[in-house]
Each structure stands twice: as C-alpha cells, then as structure tokens.
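Q: Got a structure for you, questions after.
The values are calculated or read from the model by the stated rules, or taken from the named source; none is laboratory data. It should be emphasised that the depicted structure is a prediction, and the values quoted were computed from it without experimental measurement. With ideal geometry, Cβ positions are generated from the backbone for all residues, glycine too; neighbour counts draw on all protein chains shown. All accessible areas refer to the heavy atoms of the entire protein, side chains included, with ligands and DNA or RNA removed. Shrake-Rupley method; radii C 1.70, N 1.55, O 1.52, S 1.80 Å.
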Amino acid sequence: MVKRVRPPTAADHPRGFGGARSHARKLRSYAVEAAVYRHDAPRCDVGCRVAQAYRVEGDDDGWSFELEDLDASGFPRRRLDREGMTAERDLAAVVGWLARFHARFLYERPSGLWPRGTYWHLATRPDEWAAMRDITLKGAAAALDARLDSATPRTLVHGDAKLANFCFAVDGTSVAAVDFQYVGGGVGTQDLVYFLGSALDERGLFAAAERWTDEYFAALRRHTAEIHPEANLDALERSWRSLIPVAWADFERFLDGWSPDHWKRSRYARDQLRRALAEVEVTPR
C-alpha cells in the first residue's frame, strides 16, 4: 500500500479553524508519522501490531509511505465510530493493543515526535480555546492541561486512537493500528479515554467504561512487568487511573471549542468533566 501526501499550498478547514497555525500543525503531523514508521514501528511486536514500512520518503512536495497491506496480512475488518455498542472482541483487542503499546514505550522521551502527543492538546489549539462556550471549562483548561503534562510516568501515546484507526482480524482476536500523525509524550489514560469515547455510545459508556478501564490496567500491568520488571506497577496504575476524569475533561475542552454539538459530548463525559473540575483550580474568564 502506498500513502502519498501532497499538502495544499493554502490552508482550509471545514469548521473555520484554518490559517497558518492549523496548516503548520498538519504538515508537522506527517513528519511525525514518518519518524514513527522509521524508528518506532519496528519495535512494535505482535501485541501492538503496525504495518511494516518498506520505504518512507519526504521532500518539498510532501511524503510517500510504502507500507505493508494490512488487509492482505490478515486485518481486513474496519469499524467506524458511532456504531453503538462495539463488539466485545473488538474492544478487547484494541484495549490490549493500547496496553502493549504504552508498556513498550514506557519511560521513553519522544524523539522526532510531538513533545506532547494527541491532536487536541491545549498548546496546539489556541483558536479552539478562544471559541469555547463553556466559560467554567475554559477557565480550567490550563489547570487540566498542567495535570496531564506533569503526570508521571510518561510513555508514547498514539494520539488519535479512535475506533476507525484500527484494522481487525476476521476472528477478532488481534488488531493492527494505523494513522500515527500525533504520536508523542503523554500518559496512557489519554489514549484509553479517547478510544472508549469513539467506540461506545452513551449507554455503552455507562454500562462498560469502568470494566474496560479495569481490563486496560490489568493488561498494562501484565505487559509492563514483562518489559520493565523494575517498574512500580502500583504507582503506575495509581497515577494514570487518577487522571481518567482529567483526560475526559481535556477532550471535552477541545470539543467545546471545535464542535460544541459533537455526538461524543455524552452525559457520561459530562459526569467525568464535573469530577475533574472539582479537582482543579478554575481561573475566571
């Protein structure tokens, strides 16, 4: 499979967030994806499967990625976001992938990647912050961001771990990931929360989010013990679990400015937001 990227010379955005900043962020994202395929993807094993990169090139016109065809390699199934309650086998496969990926890159500093992963983090989204409607959340944005930025231990996060960015085996027992434009430093909670919000509808989140969170941490402990036997597993889980409401609130902050009526703004997310706001200082706006 060949992925060719030829960016337009003029920036544009369907929601009105175009301009030089948005265009530069998108350009940087492909350079990051190239770095992932060159340096980090070869370290991903069967537990966090990615496509093999045969050639990655960049020039003044854009980028070219020659990649393994994941369909031909046994991962032909796709799931789109907002399909209601995702099949449990698919949820289990992705939660396991995330846990393995986060364990694999635990304690590592980003090199050639975003210093902070995820496409929505505050420093890269000042325009969306300025457009926010929720004044209380807007005033808490910096404090929420600081909690995530200062949290330890660090790992690499996928940064766009939505359901649509995973390719599933026919039998549902394994999965491979694509779209590595926003890989960078962070805590695993950020990927987990973002994934659950893409894979489960509101009813599904109330019914199963805590269960899948427990599944994630069980897998994270297992993989971390294997890869980093020196790790303090209790401290790791305690730190990242405490950030679950904060991670939900941080993404709510982005959606409030970017797409305030987005379907992902569920009652479950609002409940998590209220929990997070009770823990941080709100600056009047």
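Q: List the number of the failed condition for T136; all other conditions in (1) more than 30 Å from V280 (Cα to Cα); (2) among the hydroxyl-bearing types (S, T, Y); (3) assigned to a helix (DSSP H, G or I) hold.
A: Result: T136 fails condition (1) only.
Q: Please pick out the residue among G172, G188, G159 that is surrounded by fewer than 24 Cβ atoms within 10 Å (Cβ to Cβ) and not aliphatic (A, V, I, L, M).
A: Step by step, each of G172, G188, G159 is checked, and only G172 is surrounded by fewer than 24 Cβ atoms within 10 Å (Cβ to Cβ) and not aliphatic (A, V, I, L, M).
Q: Taking the condition of being open to solvent by less than 20 Å² (accessible area, probe 1.4 Å) and over 15 Å from L98 (Cβ atoms), how many residues in segment 33-59 meet it?
A: 7
Q: Another question, if that's okay. Among (1) under 18 Å from the mean Cα position of the chain (by Cα); (2) open to solvent by 60 Å² or more (accessible area, probe 1.4 Å), where does R133 come up short?
A: So R133 meets the others, but not (1).
Q: In addition: Kindly list, by first and then second residue, each pair from a residue in segment 102-127 that is among the small types (G, A, S) to a residue that is in a loop (DSSP other than H, G, I, E, B), limited to pairs with Cβ atoms under 8 Å and residues at least 6 apart or on different chains.
A: A103/H228; G117/P110; G117/H158; G117/G159; G117/Y182; G117/V183; A123/R116
Q: Still on this structure, please answer the following. Tell me, please, whether a residue that is buried (at least 20 other Cβ atoms within 10 Å of the Cβ) and touching a Pro at 6+ places or on another chain (Cβ under 9 Å) can be found in segment 248-257.
A: No: segment 248-257 contains no residue that is buried (at least 20 other Cβ atoms within 10 Å of the Cβ) and touching a Pro at 6+ places or on another chain (Cβ under 9 Å).
Q: Go through segment 64-78 and give me each residue that's touching a helix residue (DSSP H, G or I) at 6+ places or on another chain (Cβ under 9 Å) and either surrounded by fewer than 19 Cβ atoms within 10 Å (Cβ to Cβ) or free of Cβ contacts under 8 Å to residues at least 12 places away in the same chain (or both).
A: L67, R77, R78
Q: Continuing with this model, one more query. For L98, all conditions in the list (1) modelled with pLDDT of 95 or more; (2) touching a Ser or Thr at 6+ places or on another chain (Cβ under 9 Å); (3) surrounded by 15 or more Cβ atoms within 10 Å (Cβ to Cβ) hold save one; what is the number of the exception?
A: L98 satisfies every listed condition except (2).
Q: Go through segment 136-156 residue by residue and tally those that are surrounded by 22 or more Cβ atoms within 10 Å (Cβ to Cβ) and among the β-branched types (V, I, T).
A: The number of residues fulfilling the criteria is 1.
Q: How many residues are on the phi < 0 side of the Ramachandran plot and either buried (at least 20 other Cβ atoms within 10 Å of the Cβ) or part of a helix (DSSP H, G or I) (or both) when one looks only at segment 102-119?
A: Selection size over segment 102-119: 9.
Q: Of the conditions (1) part of a strand (DSSP E or B); (2) farther than 20 Å from W240 by Cβ, L156 fails just one. Which one is it?
A: So L156 meets the others, but not (2).
Q: Being open to solvent by 20 Å² or more (accessible area, probe 1.4 Å), β-branched (V, I, T) and within 19 Å of S150 (Cα to Cα) is the filter here, so list the residues in segment 196-247 that pass it.
A: I244
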